Each structure stands twice: as structure tokens, then as C-alpha cells.
Amino acid sequence: MTRVNKCIELLEQGEPIYMETWAELTYEAGLNKSKTWADMILIDLEHLAFDIVGLTQFMRGLKEGGPTASGHPTPTVLISPPPNCTSPEEVIYNAWQVRQILTTGVHGLYYPQARDPESVKAYVSTTRYTFQTIGRDLGLPEGLRGHGGENHAAEIWDISSADYLMKADPWPLNPEGELLLGLKIEDPEGIANAEAIASTPGIAIMAGGVGDIAMSMGYVPRPDWPYPTDLFNSWMAIEAACVKAGISFVWGWHDPEMTEDQQVKYLIEEKGAKVLVAKNKEYADTGRKITGRTMPV
């Protein structure tokens, strides 16, 4: 059976996924983006307006412009929310934002500034319904989502409300889950806890926020490539934590001494990249050709 979440299906097949970023939140933009070349659309509400009305309209347009050529209701959509993941209290106090975001029918979140595993556990709990028990024996708190709001999200996912309640849970923690949860480590405290953060149940992808890491190390503005050794090693420590935990590192590799084709080839063949920030369609097409991908875009 085809999954709701295209990117989870690709990751289960061992295929890399290609991410683009997007900002315009209108119905018309959703219609246009329904045929995107990307597997995943990342929307930044961290730095831009917290526009739930616009996001709702965008998801509606995305759904009504679909399905994708691969047969999924929409491309995968992840949201970077405004709060940081610096403490359990900050995450829990802002759980209302997660509820409103997920009600629009998006497929997951990409939380900034993760610092310690307790904060990340709180983040996972904000995305889950109270009745879900998978992972509770591993130290995850009770879910904080409750009844209400599932009807609209289910319509975007093209499933029943009852099915949405069961499927709106983090993968791979829940093998049947359709939510993809990611986060960014962006400071020395997070880097020191990277292995524990990466192994938090419910997390599927993780990135190193090079700009904020650089700032926290006193590099303002962020250095161009090649990065200073301490900055590069900090970034790669996060990638190593992902490898150890068996989750996917989000790669944004832009070495100007390499062509785009060489960069993609290096990341896939040498680093085993599974999540790539893609500059354009040609970048993604190069990667798909390397892996011999058969799933339509």
C-alpha cells in the first residue's frame, strides 16, 4: 500500500530524498507546488510570520493540485516552527503551535536549537495523541495532542479521520506512523549531547545548523567554504551522531570547488546521504539517476 508520506516510503526503500525550501503560503502557491520536482517541501515559520491561515490555504492548494506522479496525496511538507528546543518547558509551553501546524495536514516538523534529549522527548510528545503508547517504556512522555482538528488533516491526507488518528504518529518509532520528525543542533551544548539527542525515540532526521553553530563559536558572519577546522569538526560530529543512531543526517554540501554533479555523487556514494537540500531540479535529477530510482516524482 502506498504511504501517505512520500519521504517515509522513500527512506524505507533506502532512497535519498530531495528537499526544497518554500515561503509563499497561498492557495495558488499550493496548486503550483503540487507538481514540484522535490520530494519534500520545507516551510520556514521559524523566521517568517506564524501564518496558520496561509499554511492551511497552501495545503489545500497542494492537495487539490495533486496527487503526485508517485500516487501520494501531496509532496511531503515539513515545518520549521518558531520555538527553540532548548528546554522541555519551552517546548511544552509552545505545544499549541505544534497542534495548529499539524492540523493543517503537514507531515512533520523540523525543530530548531535542540540542546538535550529531555527537550527532544518533550518535542516528540507534542506531536502525538494521548492514546499512543509505543515508546512510553523508552522514556517518552504522554502525547499532548487531543481530539479535534483531525478532520481537516485527514482530508489533506486523503484518509478517514479514524485512520488519521492512528497514522499521525512519528516514524520509525511507530512503523505505521506517517509523521516525519526532524531537528537541528545549533550550538555547543547541543553538539555535546548530539548522540543522546539523535537516539531519542521518534526522531528520524537531524541537521547541523552551520550558521548558528558558527555564530555560537564567534564566527560572524559565517565563514565561506572551506569552513575553519573547529566549525567543520563540530558539524561532522552531528553527522557522526546520526550514523551511530541510525537516523538520517540532512546534507547541505556546497563546495564551490566541486560541480553540482560532483557534489551529489560525493554525498550519495561517499557519505551515504539520504536527505539532501537540493538547489534545483537538476541537482535532484542527478541524484536520482545515480541511485537508479524508479519511484516517479
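The values are calculated or read from the model by the stated rules, or taken from the named source; none is laboratory data. Just so it is clear, the model here is predicted, and its values are computed rather than measured. Note: ideal-geometry Cβ built from the backbone for every residue, glycine included; neighbour counts use all protein chains shown. Ligands, DNA and RNA are stripped out before the accessible areas are found, and what is left, the full protein with its side chains, is counted by its heavy atoms. Shrake-Rupley method; radii C 1.70, N 1.55, O 1.52, S 1.80 Å.
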Query - Test: residue in segment 132-144 that is out of contact with any Lys or Arg (no Cβ under 6 Å at 6 or more places or on another chain), surrounded by 19 or more Cβ atoms within 10 Å (Cβ to Cβ) and at negative phi - result: yes
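With the condition being modelled with pLDDT under 95, I'd like the strands (runs of 3 or more DSSP E) fully within segment 153-256 carrying at least 2 qualifying residues. It would help to see each step written out before you state the result.
Numbers: elements: 179-185, 205-208, 248-251.
It comes to none.
How many of the residues making up segment 54-98 are among the aliphatic types (A, V, I, L, M), open to solvent by 40 Å² or more (accessible area, probe 1.4 Å) and touching a helix residue (DSSP H, G or I) at 6+ places or on another chain (Cβ under 9 Å)? Don't jump to the end; show me each part of the working.
Looking only at segment 54-98, we keep the residues that are among the aliphatic types (A, V, I, L, M), and these are 55, 59, 62, 69, 77-79, 91-92, 95, 98.
Retained after the next criterion (residues that are open to solvent by 40 Å² or more (accessible area, probe 1.4 Å)): 69, 92.
Those left that are additionally touching a helix residue (DSSP H, G or I) at 6+ places or on another chain (Cβ under 9 Å): 92.
Total meeting the criteria: 1.
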Query - Residues (open to solvent by 40 Å² or more (accessible area, probe 1.4 Å), assigned to a helix (DSSP H, G or I) and either within 18 Å of Gly177 (Cβ to Cβ) or polar (S, T, N, Q) (or both)) located in segment 1-28 - result: Glu12
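Say whether the condition of being free of Cβ contacts under 8 Å to residues at least 24 places away in the same chain and not in a helix (DSSP H, G or I) is met by at least one residue in segment 100-122. Give the derivation first.
Step one: filter segment 100-122 for residues free of Cβ contacts under 8 Å to residues at least 24 places away in the same chain, giving none.
No, that holds for no residue.
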Report task. State whether the residues of segment 267-289 include one that is within 27 Å of Lys33 (Cβ to Cβ), open to solvent by 40 Å² or more (accessible area, probe 1.4 Å) and in contact with a Ser or Thr (Cβ under 7 Å, 6 or more places away or on another chain). Result -> yes
Query - Subset of segment 257-276 that is in a helix (DSSP H, G or I) and among the charged types (D, E, K, R) - its residue that is farthest from Gly292 (Cα to Cα) - result: Glu260
Requested in this report: List the number of the failed condition for Thr86; all other conditions in (1) within 19 Å of Ile205 (Cα to Cα); (2) in a helix (DSSP H, G or I); (3) β-branched (Val, Ile, Thr); (4) free of Cβ contacts under 8 Å to residues at least 60 places away in the same chain hold.
Outcome: (2)
Query raised in the report: Just to be sure, is Leu231 out of contact with any strand residue (DSSP E or B) (no Cβ under 9 Å at 6 or more places or on another chain) and open to solvent by less than 10 Å² (accessible area, probe 1.4 Å)?
Result: yes
Report summary line: Per the filter on segment 189-213, residues within 28 Å of Cys7 (Cβ to Cβ), of a type in the set (A, V, I, L, M, F, W, C) and either open to solvent by 70 Å² or more (accessible area, probe 1.4 Å) or out of contact with any strand residue (DSSP E or B) (no Cβ under 9 Å at 6 or more places or on another chain) (or both) are Ala196, Val210
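In segment 151-163, is there at least one residue being under 22 Å from Trp96 (Cβ atoms) and open to solvent by 50 Å² or more (accessible area, probe 1.4 Å)?
Residues of segment 151-163 under 22 Å from Trp96 (Cβ atoms): 151-157, 161.
Subsequent filtering for residues that are open to solvent by 50 Å² or more (accessible area, probe 1.4 Å) retains 151, 155.
Yes: segment 151-163 contains one or more residues that are under 22 Å from Trp96 (Cβ atoms) and open to solvent by 50 Å² or more (accessible area, probe 1.4 Å).
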Report summary line: In the set Ala214, Ala196, Ala245, the lone residue that is small (Gly, Ala, Ser) and within 17 Å of the chain's Cα centre (by Cα) is Ala245
Query raised in the report: Can you tell me which residues in segment 29-53 are touching a residue at least 40 places away in the same chain (Cβ under 8 Å), in a loop (DSSP other than H, G, I, E, B) and surrounded by fewer than 20 Cβ atoms within 10 Å (Cβ to Cβ)?
Result: Ser34, Trp37, Glu46, Phe50
Requested in this report: Among what's in segment 99-131 and is hydrophobic (A, V, I, L, M, F, W, C) and over 12 Å from Pro83 (Cα atoms), pick the residue that is most open to solvent (accessible area, probe 1.4 Å).
Outcome: Phe131
